[in-house]
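Have a look at the structure below, then the notes.
The values are calculated or read from the model by the stated rules, or taken from the named source; none is laboratory data. Every value quoted in this text rests on a predicted model; they were computed, and no experiment measured them. Every residue, glycine among them, receives a Cβ derived from its backbone with ideal geometry; neighbour counts consider all protein chains shown. Ligands, DNA and RNA are stripped out before the accessible areas are found, and what is left, the full protein with its side chains, is counted by its heavy atoms. Shrake-Rupley method; radii C 1.70, N 1.55, O 1.52, S 1.80 Å.
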Amino acid sequence: MTAQFSKKSEAWSARFSEPVSDLVKRYTASVFFDHRLAPFDIQGSLAHAEMLQAQGIISAQDYADIVRGMTQIQSEIDGGKFEWLLDLEDVHLNIEKRLTELVGDAGKRLHTGRSRNDQVATDIRLYVRSAIDDILGLLKDLRLALLDLAEQHVDTIMPGFTHMQVAQPITFAHHMLAYVEMFGRDAERMADTRKRVNRLPLGAAALAGTTFPIDRLRVAKTLGFDDVCHNSLDAVSDRDFAIEFCAAAALIMTHVSRMSEELVLWMSPRIGFIDIADRFCTGSSIMPQKKNPDVAELARGKTGRVNGHLVALLTLMKGQPLAYNKDNQEDKEPLFDTADTIIDTLRIFADMVGGISVKADAMRSATLQGYATATDLADYLVKKGLPFRDAHEAVAHAVRVCVDRNCDLSDLTLDEMQQFSSLIEADVFQALTLEGCVAARDHVGGTAPRQIRLAIARVRGLCEEGR
Ligand code: ARG
């Protein structure tokens, strides 16, 4: 949609004895950004008009004229031909004015029993609902892409880290499934937020309701809302649903930023665990050898703006007296940018995950470098009857010797091992293989390939059910 903005036409009222200055006009106008709400504004107006005629508040002819006018307006907007006027302040007045130009008095009757206050609250809810539906679809795509990647690496061993130090062997699939869980909770949060977004403010009018015999449930049903907002003051004033949306979005970006950080680290030649397809990377204007993981870095960076939008909305709402205040006009830009950022980021991530190639050898040799099997040796001793704290101490001594000799635990001979504990027998070497270590963690949530296969199937099932 290409929007044109012009300055002309009169403002709203005979109540004023002097026009506002150009600066004030620009300062108070929102049409520069809220024109994006047009499809939702039209949808809301049509549902309102349909109810007005069903209730006998406007005639069937008026309703037919409104439908005709709105259809034309929508196609003018779609074709980039609609002229947005700064003097008409916002999306609502621009559309209403054009409607009246096109269909005459029916256009002037549309606003019966309605105010811009309940109108804009409705538009915003429709907008957020549609953004949530897009985001839910994209979260599902991302989870499915991660599952596909995981499926190829159920047996690929990598070091699991704590404190960025090699901790225990895990599988790469297990690592990917951690993000699948995070994005799954993000989807739950968005779906839950949707329930509170999906309530109809229309009918609240300016703040107190209206004297016309309206049917709010009818409008709610037409617009696919689950319920109406039950207090008119609350309906026009609170934006908690938008704040909730931004909070859920901030958590999505938080998860994206964690994953981004890992992708950046893993792609560094110093670590070299993965490569990312060229189409998601860029070069350097000076260093010919560079291939930078820009998408991951940018996503990590964009987390800042989404967090900022959440704080902006919280601060916007804080301390606002009932009911509507113009402050609320400031809800839109942070909200739009949040949805745009999340939607672009998820779309690109779902794609980029398919462009990750895993360097299993590098992961394996890194796992062999950090005594990742030490806990398994301790567990081995416990299974032979040693109390865990004593086993921990015995293995610590063994690791110390290996560090001095720059070798792995499994490089020690049986004799050498037995110096740390007489309980150690020849079967210890099996317990110290990387495959043995991961396969042994065979319970729900564990890293054993058997469990990973079950976990992948479980999440695929959830995705299919739309959860
Ligand atoms: N542009 C306004 C907004 O975004 C619409 C509501 C204006 N209502 C009013 N009484 N000035 O909030």
Open item on the list: Tell me yes or no: at least one residue of region 29-43 is over 20 Å from Phe225 (Cβ atoms), in contact with a helix residue (DSSP H, G or I) (Cβ under 8 Å, 6 or more places away or on another chain), polar (S, T, N, Q) and free of Cβ contacts under 8 Å to residues at least 40 places away in the same chain.
Closed with: no
Open item on the list: I'm trying to understand the selection: among the residues of region 310-329, which are surrounded by 17 or more Cβ atoms within 10 Å (Cβ to Cβ) and within 12 Å of the ligand (Cβ to nearest atom)?
Closed with: Leu316, Ala323, Tyr324, Asn328, Gln329
- [ ] With the condition kept exactly as written, say whether any residue in region 68-86 is touching a residue at least 60 places away in the same chain (Cβ under 8 Å), open to solvent by 10 Å² or more (accessible area, probe 1.4 Å), assigned to a helix (DSSP H, G or I) and more than 16 Å from the ligand (Cβ to nearest atom).
- [x] yes
Open item on the list: Filter region 330-356 down to the residues that are open to solvent by 60 Å² or more (accessible area, probe 1.4 Å) and either closer than 23 Å to Ile157 by Cα or more than 16 Å from the ligand (Cβ to nearest atom) (or both) and list them by number.
Closed with: Asp344, Arg347, Ile348, Asp351, Gly354
- [ ] Would you point out the residue of region 97-126, among those that are in contact with a Leu (Cβ under 6 Å, 6 or more places away or on another chain) and within 16 Å of the ligand (Cβ to nearest atom), that is farthest from Ile57 (Cα to Cα)?
- [x] Asp123
Open item on the list: Let me spell it out: the conditions are (1) open to solvent by 50 Å² or more (accessible area, probe 1.4 Å); (2) over 21 Å from Ser130 (Cβ atoms); (3) touching a residue at least 60 places away in the same chain (Cβ under 8 Å), and Ala167 meets all of them except one. Which number is the exception?
Closed with: (1)
Task: Subset of region 87-96 (residues that are within 11 Å of the ligand (Cβ to nearest atom) and open to solvent by 30 Å² or more (accessible area, probe 1.4 Å)) - done: Leu93
Task: Pair list, Cβ < 7 Å and 6+ apart or interchain, from region 446-457 residues that are more than 10 Å from Thr171 (Cβ to Cβ) and at pLDDT 95 or above to residues that are in a helix (DSSP H, G or I) and open to solvent by 10 Å² or more (accessible area, probe 1.4 Å) - done: Ala455/Leu177; Ile456/Glu151
Task: The lone exception for Thr315 - which of (1) hydroxyl-bearing (Ser, Thr, Tyr); (2) in contact (Cβ under 8 Å) with a residue 40 or more places away in the chain; (3) closer than 30 Å to Arg116 by Cβ it fails - done: (2)
